[in-house]
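Below is one structure, written out as structure tokens, with a few remarks after it.
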Amino acid sequence: MIAGLRRRRALHRWEPRADAPAWRVMLVTLGAVAVAALVVTWVFVAYGVAPGEAWATIVRRTLLEPRGLSETVRKAIPLLLAGIGLLLAFRARFWNIGAEGQILAGAIGATAVALFTELPAPLVVPAMFLAGMLAGAAWGAVPALLKARMGVNEIITTLMFNYIALYLVRWLINGPWKARSATGFSYSERFPAEAVLPTLGSTRLHWPTLAIALVLVAVVALLLARSRFGFEVEVLGRSPEAARYAGIDAGRVTLLLAALAAGAAGLAGVGEVAGIHRRLVEPTQLSLGYGYAAILVALLARGKALAVVPAALFLGFVFAAGDVMRVSLRLPSQLPDVVTGLVLLLVVASEPLTRGRWVRRDPAEAAAATAVAPAASPVATHAGEPAPSPEGGG
Amino acid sequence: MNPAEPLQPRLSLRGIEKRYPGVRALAGVDLDVLPGQVHAVLGENGAGKSTLMHVVYGLVAPDEGSMTWEGQPLRLRSPREAIARGIGLVAQHFHLVERHTVAENLALGFPDAPFWRPTRSLLPRLRAAAERYGLALDPRALVRDLSPGERQRVEIVKALMQGARLLVLDEPTSVLTPAEVDALFAVLRRFVAEGSSVVFVSHKLAEVEVLADAVTVLRRGAVVGRRSAAEGLDRRDLARLMVGRDLAAAVADRGRARAEAIAAGPVRLRLRDVRVDAPGRAQGPALNVASLEVRGGEIVGIAGVAGNGQSELVAVVAGLRAPNAGTVEVDGREPGSGRRRRGARGQVDAGVALVPEDRTKVGVVGDLSVARNLALRHAHRRPFARGMWIDWQAVGRHSQSAVEAYDIATPSTGTPARLLSGGNVQKVILARELDRDPGVVVAVHPTYGLDVAATSQTHERLLAAAGRGAAVLLVSEDLDEVLSLSDRVAVLAGGRVVATMAAADADPEALGLAMAGVAA
């Protein structure tokens, strides 16, 4: 294998590219997904499940059957919302990994409205979405403020805020908001009918949240492409020094986009409690790690807002496929996490492939590179290294 | 050196050829460096000087050609082999670990340094090298506390301790003060007096004239001329060779007629008692009670050694930071002060242009297109902004005309700025900053690292801006530049304006003393 690699380095040279064309990025991403699928196939074999049959079952019960498809889309909703927010944050290099906590904060906000306010029935759902968005935004604004004012690393704070949100939900459903009927498991009272989202037919697809998510994706795409705010986010993400010089208020932009991102995640939390559970439940059931999977959604979309839709649908499929594997194929329930982890690893690892390619050396050059003591050339060629620019690199 | 005596060259290059996609970086270069010789390689940026030096140091493999070292064929696969032969390189940008001490950095250059306490065995050698060449260095000092000149000394000592008999210096004076340049030249002279050799890469004619025994001039990768000190070196002759045309031109005598016009003009930039405190240090403010007036049409040069308050002065004028005391007035008003302070944007709107020191990291966003970089500081205003939206078509149209007007060499306006050469990046910045007839222009080291053609274009642009009535503040360590461009020169030392004088009356010696903080 080493020898093969050496041969390859001798016959090919790595050529960096100025820009990666969209088809190439897509191809590399699909390649990463395909490799993940191969590994999963191997897992099937290892568990003694016939891979062909397993894949057929998964595809049938997540994509082909209407009910299965609705589950795939339903699981994509929180991923869409949290993912589009994270995409925005990542564009400005605000490494928010706190979407999970922001989803929970949104759920708390929505529950507070559903259970403890007396609003006219038609206003309840809008008020829940608003409260959830604000709660999520507030949850995300604290780390952003800490970063803008004191330079505290947002990766740590947003991650830690996830745990605070998790235990806050647990405390609420075991303490002040605990349902009277709850004995074994803890949960809140059931939401009144006007606080429950309509679903599509007999499925669990709460379409109002989906509609909000799609509109939000379109709005973010438009903001990034055409607005002054989008331009400021772009400059800030690529060069904080140049942003300061350009008169961009980094603190304001960071705070704004962190709040936007967290608000979107908060909306996802509203959808989960008002559309699925209809009460505040155990946090690990409320969000099945959507906040973390949304990081992968944003990475898969590679900075392109509209690409969040296929990325979220793909991960929705992974989640739905996980259910199928667990229920129909009796595979361990951790498998979807393995798949998500694999895809994440492969996507990150394949990143360099979008930035260059191997090209064949011309025969003379290859000969010089393979020869042990090149006679024609006074100096052996550096095989496989990117050629430095004529005057660059001082 | 006696030219009659036939000397075997220490290093000899024949027909060195190096091609990159689309560029012939070196086109059959011959070069002979004799023992006891300072050999200057002169050329504009992009002439191939750095590539040639990388070939000599084993960083770049030539496509064709041969090298000999003291009569033996020389093939280099890596810098390590070059070092083993006795070739040392002092690069333009230093490769030192900032958090380590001088001795630790030196130990990194010696693979044979002992694993435990690697620096101890080096100290005697360091002392010996330092004494022999007059290079004073504190081995326990942290590199991050050293001035650029001192860092360069560390690099030189490293190369000398590695046993270099040929020292290659790539643009060594670009970071040095005049006094440090003199000290460097003294070291180099002592070094060649022992029979060693120096290759001195530069585009500064004055230095080449003073230092070099022999000069090889490169243009577009080819040798266009050779001169030797024995025959006499002439600055104009060298400039002609380097640029291919007579560079007398725009920066020449502008006469004193301008002075009268300026005196009648309005004060466009006024600093009153500005104080900027240095963060977390006890040694007092970085900029202390600096007062300065610049009139429309006037170019005021700020001379001074780096670290004497220049960057704070620039930051305050450009709105990158607020002064701790005092005021900055533009056209008689204070843009966005106090609570209404709007930072750099307030200054931009008041008509303050800034050509920043670090053009690739600050001046442009490398990943963004030329078109977007041309709109970088004005994207919040018409014609680029329409409410909260940006009119990208307007940005595109503007970029087309700017690329033409400023002669920016770029494949397209959609090309990322990082793919442009340094000179063209500077043109992008100048186009953006000067195109809107700013009232105040701050230019920091505007020609640092630029070739002669780009330098003279930059000078023309700054003069033209002043001609249109802008007040220009020129911060530069290049005294020749300050004196040839400015109407007045202000010297900063220890955070204070210690002297101001008309540029026509300023003599370099008095300036040098003022820069060193010696009271005039």
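The values are calculated or read from the model by the stated rules, or taken from the named source; none is laboratory data. Values in this document were obtained by computation on a predicted structure and should not be read as measured data. Cβ atoms come from the backbone with ideal geometry, glycine included; neighbour counts cover every protein chain shown.
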Exercise for review: Only residues in region B:35-64 that are of a type in the set (Val, Ile, Thr) count as the first member; pair them with residues that are assigned to a loop (DSSP other than H, G, I, E, B), Cβ under 7 angstrom, at least 6 apart or cross-chain, and list the lot.
Suggested key: B:Val38/B:Ala212; B:Val38/B:Asp213; B:Thr51/A:Pro390; B:Thr51/A:Glu391; B:Thr51/B:Val60; B:Val55/B:Pro62; B:Val60/A:Pro388
Point to revise | Single residue of region A:160-207 satisfying the filter (among the basic types (Lys, Arg) and not in a loop (DSSP other than H, G, I, E, B)) that is farthest from A:Val142 (Cα to Cα) | key: A:Lys178
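In this structure, is B:Val29 within 29 Å of B:Thr455 (Cβ to Cβ), buried (at least 16 other Cβ atoms within 10 Å of the Cβ) and more than 8 Å from chain A (Cβ to nearest Cβ)?
yes
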Practice item. Return the total of residues in region B:387-415 being over 18 Å from B:Ala464 (Cβ atoms) and of a type in the set (Asp, Glu). Key: 1
Point to revise | Qualifying residue in region A:351-363 (condition: away from chain B (no Cβ under 14 Å), under 30 Å from A:Leu79 (Cβ atoms) and modelled with pLDDT of 80 or more) | key: no
Revision key, fill the gap. Residue count, region B:149-183, condition outside any loop (DSSP other than H, G, I, E, B), touching a strand residue (DSSP E or B) at 6+ places or on another chain (Cβ under 8 Å) and under 15 Å from B:Ala129 (Cα atoms), comes to 7
Point to revise | Given (1) over 24 Å from the mean Cα position of the chain (by Cα); (2) surrounded by 18 or more Cβ atoms within 10 Å (Cβ to Cβ); (3) charged (D, E, K, R); (4) more than 12 Å from every other protein chain (Cβ to nearest Cβ), index of the condition B:Arg153 fails | key: (1)
Check your understanding: Is there a residue being within 14 Å of chain B (Cβ to nearest Cβ) and surrounded by fewer than 24 Cβ atoms within 10 Å (Cβ to Cβ) anywhere in region A:208-216?
Key -> no
Revision key, fill the gap. Residues of region A:87-105 being assigned to a helix (DSSP H, G or I) and within 30 Å of A:Glu189 (Cα to Cα), in sequence order, are A:Ala99, A:Glu100, A:Gly101, A:Gln102, A:Ile103, A:Leu104, A:Ala105
Check your understanding: Does B:Val441 meet the test of being more than 11 Å from chain A (Cβ to nearest Cβ), buried (at least 17 other Cβ atoms within 10 Å of the Cβ) and within 22 Å of the chain's Cα centre (by Cα)?
Key -> yes
Check your understanding: Quick one: is B:His93 at pLDDT below 90 and not aromatic (Phe, Trp, Tyr)?
Key -> yes
Practice item. Among the residues of region A:78-109, write down those that are hydrophobic (A, V, I, L, M, F, W, C), surrounded by 24 or more Cβ atoms within 10 Å (Cβ to Cβ) and within 12 Å of the chain's Cα centre (by Cα). Key: A:Leu79, A:Leu80, A:Leu81, A:Ala82, A:Ile84, A:Leu86, A:Leu87, A:Leu88, A:Ala89, A:Ala99
Review point. Based on what the data block shows, is A:Ala148 crowded, with 17+ Cβ neighbours inside 10 Å and either modelled with pLDDT of 90 or more or of a type in the set (D, E, K, R) (or both)?
Key: no
Check your understanding: Restricted to region A:311-350, and to residues that are buried (at least 16 other Cβ atoms within 10 Å of the Cβ) and free of Cβ contacts under 8 Å to residues at least 24 places away in the same chain, which residue is nearest to the chain's Cα centre (by Cα)?
Key -> A:Pro336
Revision key, fill the gap. By residue number, the members of region B:429-451 that are in contact with a helix residue (DSSP H, G or I) (Cβ under 6 Å, 6 or more places away or on another chain) and of a type in the set (Val, Ile, Thr) are B:Ile429, B:Val441, B:Val442, B:Val444, B:Thr447
Practice item. With respect to A:Ile108, determine if the residue is part of a helix (DSSP H, G or I) and touching a helix residue (DSSP H, G or I) at 6+ places or on another chain (Cβ under 7 Å). Key: yes
Exercise for review: Can you tell me which residue within region B:379-419, out of those that are surrounded by fewer than 14 Cβ atoms within 10 Å (Cβ to Cβ) and among the hydrophobic types (A, V, I, L, M, F, W, C), is nearest to the other protein chains (Cβ to nearest Cβ)?
Suggested key: B:Met388
Practice item. Keeping to region B:80-94, report how many residues are more than 17 Å from B:Ala61 (Cα to Cα), surrounded by 14 or more Cβ atoms within 10 Å (Cβ to Cβ) and within 21 Å of the chain's Cα centre (by Cα). Key: 4
Review point. Somewhere in region A:137-149, is a residue over 30 Å from A:Phe90 (Cβ atoms) and either free of Cβ contacts under 8 Å to residues at least 60 places away in the same chain or not assigned by TED's automatic domain parsing to the domain that holds A:Gly269 (or both)?
Key: no
Practice item. Quickly run through region B:361-378 and pick out the residues that are crowded, with 19+ Cβ neighbours inside 10 Å and within 11 Å of chain A (Cβ to nearest Cβ). Key: B:Val362, B:Gly363, B:Val364, B:Val365, B:Leu368, B:Ser369, B:Arg372, B:Asn373, B:Ala375, B:Leu376, B:Arg377, B:His378
Review point. Quick one: what pairs do we get from region A:223-242, first residue at the interface with chain B (Cβ under 7 Å from one of its Cβ atoms), second among the polar types (S, T, N, Q) and buried (at least 17 other Cβ atoms within 10 Å of the Cβ), C-beta under 9 Å, 6+ apart or different chains?
Key: A:Ala242/B:Asn373
Practice item. Quickly run through region B:184-207 and pick out the residues that are modelled with pLDDT of 85 or more and in a helix (DSSP H, G or I). Key: B:Leu184, B:Phe185, B:Ala186, B:Val187, B:Leu188, B:Arg189, B:Arg190, B:Phe191, B:Val192, B:Ala193
Review point. Condition test on B:Leu52, is it more than 23 Å from B:Phe185 (Cα to Cα), within 13 Å of chain A (Cβ to nearest Cβ) and buried (at least 16 other Cβ atoms within 10 Å of the Cβ)?
Key: no
